[in-house]
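Notes for the one structure printed next.
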Amino acid sequence: MPLIGWLFLFAAFALVVGSLLFLRDSANMKIPKEKLEKIRERKAEQEKADEEERDRW
């Protein structure tokens, strides 16, 4: 295999490993309580809207 092929394989492998490491590091982020409350409120609103839309059909 030519050198450029090995370079592409190495770059692809490095991207995959880097992405996995980034996901592992970002998995432990804490969400502030205020933002978590907003998320839950928005989820409840969306579920209510979805239920109303389902009833219309």
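Among the criteria (1) loosely packed, with under 10 Cβ neighbours inside 10 Å; (2) in a helix (DSSP H, G or I), the one Gln46 does not fulfil is (1). Among the residues of the stretch 17-34, those identified as in a helix (DSSP H, G or I) and either loosely packed, with under 10 Cβ neighbours inside 10 Å or touching a residue at least 60 places away in the same chain (Cβ under 8 Å) (or both) are Leu23, Arg24, Asp25, Ser26, Lys33, Glu34.
Taken together, the values in this text are just the output of simple stated rules run on the coordinates, not laboratory data. Small disclaimer: the values here were computed from a predicted structure and weren't measured. Using ideal geometry, Cβ is built from the backbone for each residue, glycine included, and neighbour counts are taken over all protein chains shown.
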